[in-house]
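Okay, structure first, notes after.
Every read-out reported here was derived from the displayed coordinates using simple, explicitly stated rules and does not represent laboratory data. The model shown is predicted, which means the values in this text are computed figures rather than measured ones. Cβ: placed from backbone, ideal geometry, glycine included. Neighbour counts: every protein chain shown.
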Amino acid sequence: MASKLFSPLTLRGLTIPNRAVVPPLCQYSATEGMANDWHMVQLGRFAVGGFGLVFSEVVSVLREGRITHGDLGLWSDDHVAPLKRITDFIRAQGAVPAVQLGHAGRKGSMQRPWEGNGPLGPDQFARGETTWDIVSAVAKPISEGFITPAALDAAGMAAIVEGFATGARRARAAGFDAVEVHCAHGYLLHQFLSPLSNTRNDAFGGDLAGRMRFPLQVIEAVRAAWPDNLPVFVRISAVDGADGGWTMEDSLAFARAMKPLGVDVVDCSSGGIGGSATGSKRIPRGYGFQLPYAAEIKRDAGLASMAVGLIIGPHQAEAALEAGDADLIAIGREAMNNPNWALMARGILEPGSTEEVFACWPPQHGWWMEKRAAVLEALGAPPG
């Protein structure tokens, strides 16, 4: 019996072969924004593993918009060819390559997470990594001890809007078929949205309409730069998980505002405004803990949604789709744990003969796995 998870989804003129998605997973392994063999293996293994849609990690649209020195970039035409090599491979495996475009704002000029996740320090300086000027909605650092950003003026905002639009055009030249605008996890566009980080008193601050204005300008510019027949995603932090912060009601209003701009899918995450990328002690973590956000966006804003966050098992993913809570299911860290998650999930949700199950695998793996399965079946349960 066919499963919902492994049914195709058509967005505009793009058909995604199944609804299992690898979301952006930052690797912080580039040099001057250039993709390398690490990124080829990191993303290529998910395409080999049967996922229908494979996102790059966040790609900085401007050099000064990086989180760390290891971020991927699209601020130069030189970045296109190394990414094209990767998208060609993803597409050759039958998957769809997608890109997330972002700007770190006040969460820039930082250490890689495993180096401390704070401001650059002696270890980074010793290997020649230096700080750079950062910007945000207002001149307020993430917290004490972090770099204070400059408050963006009209010229600075216009340059960033153009950076996103140019980044989208370069992303298309690099072979990506879907694009996502990163408005979540405490990065620049989220910094404008949240009342905790945006205390401006001009047209780009104040009430909800003012705080949404700049992110909506970016989304509109990306949509205009992206082909009409290909989809635009927007990732949001549905809630800040902090007193006085961004709420689900705000997210619904934001989704309704982006819908007439031509956004196709809202990718529903949470948290990140005050520290680590997705952390908030106020948001209880459990399996599928962000799924209700995707369900509410889909139901109340009338947009397709993508669910993400501790979705681990195939039946859990299938149930979310069958209930109509989301249109796509993002499998992040679980995919890092098991890059073949999608292939294995298909075998569970659509059981058949050994030959039928492994016919869905790339033949370079499936032929061998089919023979192995027959041997294991003959041997019985393995020793402990």
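Observations, loosely collected:
- Counting only lysines at least 8 places from K107 when in the same chain, those with an alpha carbon closer than 24 Å to its own are K140, K281.
- Phi to ³J(HN,Hα) by Karplus 6.51 cos²θ - 1.76 cosθ + 1.60 over region 106-120, Hz, x for Gly, Pro: 6, 9, x, 6, 10, 6, 4, x, 6, 9, x, 6, x, x, 4
- Largest mean-square fluctuation among I348, I67, I219, in a Gaussian network model of the chain whose springs join Cα atoms under 10 Å apart, belongs to I348.
- Long-range amide H partners of D267 with built H, under 5 Å: V234, R235, I236, M306
- Sparse-neighbourhood loop sites, trypsin sites (Lys or Arg not before Pro) in region 95-139 - DSSP loop, at most 10 other Cβ within 10 angstrom: R127
- Gaussian network model of the chain, Cα within-10 Å springs - most flexible of V239, V96, V357: V357
- Residue among G145, G309, G156 with the largest mean-square fluctuation in a Gaussian network model of the chain, springs linking Cα atoms under 10 Å: G145
- Charge dipole magnitude, Cβ of K and R +1, D and E -1 - the chain, Cα centre, debye nearest 20: 60
- Gain upon complete extension [L379, D207; 0.36 nm per residue less C-alpha separation]: 55.2 nm
- Under-5 Å amide H pairs with A359, H placed in peptide plane, nonlocal only: none
- Shown for V59, V54: other C-beta atoms within 10 Å of each C-beta, ranked fewest to most, produce the order V54, V59.
- Among S7, S194, sorting on how many other beta-carbon atoms sit within 10 Å of each Cβ, with the fewest leading, yields S7, S194.
- Working value for the chain: equivalent-ellipsoid semi-axes of 35, 23, 20 Å, each the square root of 5 times a Cα gyration tensor eigenvalue, largest first.
- Calculated from backbone phi, Karplus (6.51, -1.76, 1.60) coupling profile of region 49-63 in Hz, x at Gly/Pro: x, x, 6, x, 9, 10, 8, 5, 5, 4, 10, 6, 7, 9, 4
- Phi-based couplings in Hz for region 292-299 (Karplus 6.51, -1.76, 1.60; Gly and Pro marked x): x, 5, 4, 5, 5, 4, 4, 6
- The ranking of R66, R112, R85 from fewest to most other beta carbons within 10 Å of each one's beta carbon is R85, R112, R66.
- Between region 169-188 and region 336-362, the Cα center-to-center distance that results, in Å: 30
- Computed on region 27-143, the Cα convex hull volume stands at 112 Å³ per residue.
- Ignoring aspartates and glutamates fewer than eight residues from K298 along the same chain, the ones with Cα atoms less than 16 angstrom from its Cα are E249, D250, D264, D267, E322, D325, D327.
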